[in-house]
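In what follows, a single structure is set out as structure tokens and then discussed.
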Amino acid sequence: MKYLDEYRNPDIVKKMFEEIHAITTKPWVIMEICGGQTHSIMKNGIDQLLPDKIELVHGPGCPVCVTPLEQIDKALDIASRPDVIFTSFGDMLRVPGSSKDLFMVKSEGADVRIVYSTLDAVKIARENPDKKVVFFAVGFETTAPNNAMAVWQAHREGLTNFSILVSHVLVPPAMEALLSSPQNRVQGYLAAGHVCTIMGWEEYIPIAAKYKVPITVTGFEPMDIVEGILLTVHQLEKGTHKVENQYARLVKKEGNLPARDLINKIFQVSDRKWRGIGEIPLSGFSLRPEFENHDADKVFDLGEIKVDEPPECISGIILQGLKKPHECPAFGKKCTPQNPLGATMVSSEGACAAYYAYHRFEKTKSEE
Amino acid sequence: MTNVIKPENMSCPLPISNYDTVQLSHGSGGKMMNDLISKLFLWAFDNPLLNKKDDQAIIEMNGQKMAFSTDSFVVDPLFFPGGDIGELAVNGTVNDVSMSGARPLFLSAGFIIEEGFSMKELQRVVESMRDAARQAGVMIVTGDTKVVNKGKGDKLFINTAGIGIIEHDFSIGSSNLQADDVLIINGTIADHGMAIMSQREGLAFEAPIKSDTAALNGLIEKIIKSGGQDVHAMRDATRGGVAAILNEFAEDSAITIRLKEGLIPINDPVKGACEIMGLDPLYVANEGKMVVSVARKSAEKVFEVMKADPLGKESAIIGDVVLDKPGMVTMQTRIGAWRIVDMLVGEQLPRIC
């Protein structure tokens with residue numbers, strides 16, 4: 001299949017692995033930011049073919065995983081109301097709040113619908129003027145333009161029955177938060193290709209310079225990831241710390257300017273709480289005041305929702321790359337995709353779910 | 001009736017689940033459905049025929065072995081590229097009966113119709129059942145009709161049951177896979193599921209994706225004739241996709257399945273649609289695809305027979321059976337590493353980004 005098979009070509013990937021093995025002389029810790037990359041690494045077994053000296057740690061770039069529990073409880077509260085049609089991308093539906101998930105609320109009679117684009121939710125609002133239609137706007141910079149466009153359209157058409165429950169987070173502040181932590185082990189980053197498709201990679205230049213870490217904007221196919229690792233190891237071995245762009249077929253330095261303009265028109269940067277990490281200043285988006293009639297947080301009287309994480313869940317430590325999923329005592333025992341303790345086990349992009357699905361028996365290799 | 005055991009009062013070492021109510025995922029072909037089946041249905045109906053957990057029960061009456069199976073169809077939309085609910089209802093049960101190596105003969109058809117459903121569409125469905133039955137060589141010999149109030153059902157649900165006779169002495173079933181078996185699939189995967197999804201979500205692709213619905217009894221007859229007792233198991237890869245049935249094989253037979261990525265055939269438009277939706281085609285439903293497990297010494301012969309059949313033109317050998325990790329399905333990735341192919345908990349969910 002064109003534009004895909006080329007990037008899964010085992011011969012090219014093999015050559016890149018050989019090069020990584022040839023140039024690696026010291027131990028290095030590299031973090032892939034994005035959950036999509038974690039998933040691809042596990043699905044393809046990329047980690048198994050790297051030199052022992054290179055350790056991949058899995059970053060906080062899974063939108064499902066970092067959405068705080070109270071935000072999910074808010075979603076459940078709104079979705080349960082009789083005058084509401086609650087819309088969401090599919091993978092938020094199985095994420096447990098403190099007592100239920102959206103699937104359970106749906107089975108109790110709530111009108112919860114999976115959509116594939118936020119604009120579909122706007123369409124539902126247009127067709128159901130007597131209902132309040134809410135979209136669960138979860139995600140990084142990647143999904144922000146789509147959500148901004150939805151709010152813009154609803155605003156322009158005067159669809160006052162459309163709102164979004166915003167849980168938008170930003171990648172660069174999280175990278176900085178991790179690097180400035182005294183426990184930080186990360187020496188190089190694979191930046192999230194899709195995020196950079198929208199935002200470009202200029203904002204990573206000061207981070208690379210300040211913390212002296214190489215950052216490689218990286219895609220999601222096996223070839224992308226292995227090449228991203230290769231470029232990063234090259235820099236680590238040479239002692240340089242530039243921002244390089246492996247995903248140049250989609251990412252421009254300045255990103256997607258019309259998309260960025262739209263984001264700025266609708267959203268403002270604000271403090272955000274990250275599940276498992278805590279509040280990071282200026283690390284997310286919220287709607288600008290002029291769009292507050294489309295802001296579910298303002299439209300609905302939600303009261304004070306405060307909840308605690310299950311104490312056994314160490315997803316915060318995992319999202320910071322300090323521990324691997326299988327090092328958690330609950331992994332695969334008390335915590336499975338069927339009964340997840342934390343979001344990292346729920347989303348298919350969550351590090352714990354990826355470890356469970358693809359590698360829960362450490363060695364799956366059979367005799368040749 | 002003082003001895004009635006109520007599930008809610010039973011003291012079972014394992015709870016039914018953590019759910020007080022039935023979730024959609026309980027019908028998805030994944031782990032939640034398996035849990036519901038084993039912890040409630042098998043527990044309640046407990047008998048050796050059912051406990052084998054095959055898609056059909058093998059019953060013996062007066063020395064004649066027969067296969068008996070049932071399936072319900074609740075597909076939305078009722079009409080889709082490549083077929084409709086009527087054709088599915090016939091082919092699905094014909095296939096479930098046939099996977100034991102039985103020759104399907106008779107079907108029943110139960111209709112649950114929502115008040116107000118178009119008579120013209122009902123006729124279209126029934127005619128397509130008639131045609132599918134004719135093509136599969138089975139007769140619909142008994143039936144039932146119920147109409148429910150508007151809003152109490154979604155247009156039309158169909159249940160079919162089927163009986164076939166078994167004219168061989170081989171044991172074919174999901175608990176019968178053996179070391180050094182070879183796994184063969186009769187063609188491309190994920191066509192049905194993606195055809196339905198693209199209709200349901202109004203996604204238009206350049207080349208329309210068509211359901212693969214087909215009755216496989218003719219092909220199965222040829223497979224049994226050619227492979228004989230070396231045919232160890234057959235199962236159609238419906239809900240939960242190829243991954244689900246391979247996991248059932250691995251678990252029921254306590255064997256390990258080794259797959260090789262890239263050997264499982266898939267049509268380009270289907271692959272593209274799966275990529276766009278973030279779905280793994282291994283878990284997407286088929287309605288005319290099955291995996292056959294056959295001893296290596298007969299594999300080539302069976303493979304050739306399958307390739308020669310119109311419903312097996314794109315057959316492919318996708319993996320084999322070893323014993324080192326009982327119950328597991330593993331896959332060698334394109335780049336040479338290994339991973340697990342797990343069974344899903346519930347249905348696959350499209351990802352955020």
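Yes or no, residue by residue, for (1) within 14 Å of chain A (Cβ to nearest Cβ); (2) under 22 Å from residue B:67 (Cβ atoms); (3) polar (S, T, N, Q):
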| site | (1), (2), (3) |
| --- | --- |
| B:212 | no, no, no |
| B:219 | no, yes, no |
| B:231 | no, yes, no |
| B:235 | no, yes, no |
| B:247 | yes, no, yes |
| B:277 | yes, no, no |
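Within region B:295-333, being among the basic types (Lys, Arg) and either crowded, with 18+ Cβ neighbours inside 10 Å or closer than 29 Å to residue A:94 by Cβ (or both) holds for one residue alone: B:325. When restricted to residues that are of a type in the set (A, V, I, L, M) and either in contact with a helix residue (DSSP H, G or I) (Cβ under 7 Å, 6 or more places away or on another chain) or free of Cβ contacts under 8 Å to residues at least 40 places away in the same chain (or both), region B:248-263 contains 1.
Say we look at region A:107-141 and pick out the residues that are among the acidic types (Asp, Glu) and outside any strand (DSSP E or B); which of these is farthest from the other protein chains (Cβ to nearest Cβ)?
As a first pass, look at region A:107-141 and keep what is among the acidic types (Asp, Glu): A:108, A:111, A:120, A:127, A:130, A:141.
From what is left, the residues that are outside any strand (DSSP E or B) are A:108, A:120, A:127, A:130, A:141.
Numbers: A:108: 7, A:120: 9, A:127: 14, A:130: 18, A:141: 10 Å.
So, considering only residues that are among the acidic types (Asp, Glu) and outside any strand (DSSP E or B), the one farthest from the other protein chains (Cβ to nearest Cβ) is A:130.
Is it true that some residue in region B:118-130 is in a helix (DSSP H, G or I), modelled with pLDDT of 95 or more, acidic (Asp, Glu) and surrounded by fewer than 18 Cβ atoms within 10 Å (Cβ to Cβ)? If you could, list the steps in order and put the result at the bottom.
First, the residues of region B:118-130 that are in a helix (DSSP H, G or I): B:119-130.
Going one step further and asking which of them are modelled with pLDDT of 95 or more, we end up with B:119-130.
Still in the list and also acidic (Asp, Glu): B:121, B:127.
Add one more test, that the residue is surrounded by fewer than 18 Cβ atoms within 10 Å (Cβ to Cβ), and what stays is B:121, B:127.
Yes - at least one qualifying residue is present in region B:118-130.
Anything in region B:198-220 that is closer than 12 Å to residue B:81 by Cα and crowded, with 22+ Cβ neighbours inside 10 Å? List them, or say none. B:209, B:211, B:212, B:213, listed by residue number.
Among the listed residues A:302, A:282, identify the single one that is at positive phi, out of contact with any Phe, Trp or Tyr (no Cβ under 8 Å at 6 or more places or on another chain) and in contact (Cβ under 8 Å) with a residue 24 or more places away in the chain. Walk me through it before giving the result.
Numbers: A:302 fails: at positive phi.
Criteria check complete, one pass: A:282.
Of all residues in region A:327-346, those that are in contact (Cβ under 8 Å) with a residue 60 or more places away in the chain have Cβ atoms under 8 Å from Cβ atoms of residues that are in a strand (DSSP E or B) and surrounded by 17 or more Cβ atoms within 10 Å (Cβ to Cβ), 6 or more apart or on another chain, in A:342/A:335.
Among the residues of region B:168-192, write down those that are modelled with pLDDT of 95 or more and either touching a Gly at 6+ places or on another chain (Cβ under 9 Å) or outside any loop (DSSP other than H, G, I, E, B) (or both). Answer for region B:168-192, where residues must be modelled with pLDDT of 95 or more and either touching a Gly at 6+ places or on another chain (Cβ under 9 Å) or outside any loop (DSSP other than H, G, I, E, B) (or both): B:181, B:182, B:183, B:184, B:185, B:186, B:187, B:189, B:190, B:191, B:192. Does residue B:190 satisfy the criteria of being touching a residue at least 40 places away in the same chain (Cβ under 8 Å) and in contact with a Cys (Cβ under 9 Å, 6 or more places away or on another chain)? Judged against the criteria, residue B:190 is a match. The number of residues in region A:138-162 being within 24 Å of the chain's Cα centre (by Cα) and of a type in the set (Ser, Thr, Tyr) comes to 2. Being facing chain A (nearest Cβ under 8 Å) and among the small types (Gly, Ala, Ser) is the requirement here; does residue B:288 meet it? For residue B:288, the condition - facing chain A (nearest Cβ under 8 Å) and among the small types (Gly, Ala, Ser) - is not met.
What are the residues in region B:93-117 that are in contact (Cβ under 8 Å) with a residue 60 or more places away in the chain and either among the β-branched types (Val, Ile, Thr) or in a strand (DSSP E or B) (or both), if any? Break it down stepwise before answering.
Taking region B:93-117 and keeping what is in contact (Cβ under 8 Å) with a residue 60 or more places away in the chain, we get B:93-105.
If the condition is that a residue be in contact (Cβ under 8 Å) with a residue 60 or more places away in the chain and either among the β-branched types (Val, Ile, Thr) or in a strand (DSSP E or B) (or both), then B:93, B:94, B:97, B:103, B:104, B:105 are the ones that fit.
Taking region A:77-106 as the region of interest, how many residues are within 12 Å of chain B (Cβ to nearest Cβ) and of a type outside the set (Lys, Arg)?
Our first condition is that a residue be within 12 Å of chain B (Cβ to nearest Cβ); within region A:77-106, this holds for A:88-96, A:99-106.
Those still in the list that are of a type outside the set (Lys, Arg) too: A:88-93, A:95-96, A:99, A:101-105.
Matching residues across region A:77-106 total 14.
Filtered by the rule that a residue be within 26 Å of residue B:106 (Cβ to Cβ) and at pLDDT 95 or above, region B:239-265 gives a lone residue, B:245. Restricting region B:334-353 to residues that are out of contact with any strand residue (DSSP E or B) (no Cβ under 9 Å at 6 or more places or on another chain) and surrounded by 19 or more Cβ atoms within 10 Å (Cβ to Cβ), the residue that is modelled with the lowest pLDDT is B:351. For region A:43-73, taking the residues that are in contact (Cβ under 8 Å) with a residue 40 or more places away in the chain, among the polar types (S, T, N, Q) and more than 16 Å from residue A:315 (Cα to Cα), the one that is farthest from the other protein chains (Cβ to nearest Cβ) is identified as A:71.
Determine the pairs where a residue that is within 7 Å of chain A (Cβ to nearest Cβ) and crowded, with 17+ Cβ neighbours inside 10 Å, located within region B:17-44, has a partner that is in a helix (DSSP H, G or I) and of a type in the set (Phe, Trp, Tyr) with Cβ atoms under 8 Å apart, the partner being 6 or more residues away or on another chain. The qualifying pairs are B:23/A:103; B:25/A:103. Any chance region B:326-333 includes a residue that's under 21 Å from the mean Cα position of the chain (by Cα), of a type in the set (S, T, N, Q), within 14 Å of chain A (Cβ to nearest Cβ) and outside any helix (DSSP H, G or I)? So far as region B:326-333 goes, yes, one or more of its residues are under 21 Å from the mean Cα position of the chain (by Cα), of a type in the set (S, T, N, Q), within 14 Å of chain A (Cβ to nearest Cβ) and outside any helix (DSSP H, G or I). Within region B:90-123, being within 17 Å of residue B:76 (Cα to Cα), among the β-branched types (Val, Ile, Thr) and under 24 Å from the mean Cα position of the chain (by Cα) holds for B:90, B:112.
Just checking, does region A:62-83 include any residue being under 25 Å from the mean Cα position of the chain (by Cα), among the basic types (Lys, Arg) and modelled with pLDDT under 95? Checking region A:62-83: not a single residue is under 25 Å from the mean Cα position of the chain (by Cα), among the basic types (Lys, Arg) and modelled with pLDDT under 95. For region B:56-77, which positions are touching a strand residue (DSSP E or B) at 6+ places or on another chain (Cβ under 6 Å) and part of a loop (DSSP other than H, G, I, E, B)? Passing the criteria: B:56, B:74.
Here residue A:11 passes the criteria (1) surrounded by fewer than 22 Cβ atoms within 10 Å (Cβ to Cβ); (2) outside the structural domain of residue A:189 (by TED's automatic domain parsing) except the one numbered (2). In region A:1-12, the residues that are farther than 19 Å from residue A:37 by Cβ form Cβ pairs under 6 Å with partners that are among the acidic types (Asp, Glu), at six or more places apart or across chains, as follows: A:1/B:268.
Just to be sure, is residue A:282 closer than 20 Å to residue A:71 by Cβ and either within 14 Å of another protein chain (Cβ to nearest Cβ) or at pLDDT 85 or above (or both)? Here the answer is yes, as residue A:282 does meet what is asked. Criterion applied to A:90, A:188, A:193 was being modelled with pLDDT under 95 and either surrounded by fewer than 24 Cβ atoms within 10 Å (Cβ to Cβ) or more than 23 Å from residue B:202 (Cβ to Cβ) (or both), and the one residue passing it is A:90.
Within region B:126-157, the set of residues being more than 19 Å from residue B:66 (Cβ to Cβ) and touching a Ser or Thr at 6+ places or on another chain (Cβ under 7 Å) comprises B:143, B:157.
If you check A:313, A:328, which single one turns out to be surrounded by 15 or more Cβ atoms within 10 Å (Cβ to Cβ), within 30 Å of residue A:48 (Cβ to Cβ), at pLDDT 90 or above and not assigned by TED's automatic domain parsing to the domain that holds residue A:55? Quick ask: steps written out before the conclusion?
Values: A:313 fails: at pLDDT 90 or above.
On inspection, the qualifying residue turns out to be A:328.
The values are calculated or read from the model by the stated rules, or taken from the named source; none is laboratory data. Keep in mind that this is a model prediction, so the values were computed, not measured. With ideal geometry, Cβ positions are generated from the backbone for all residues, glycine too; neighbour counts draw on all protein chains shown.
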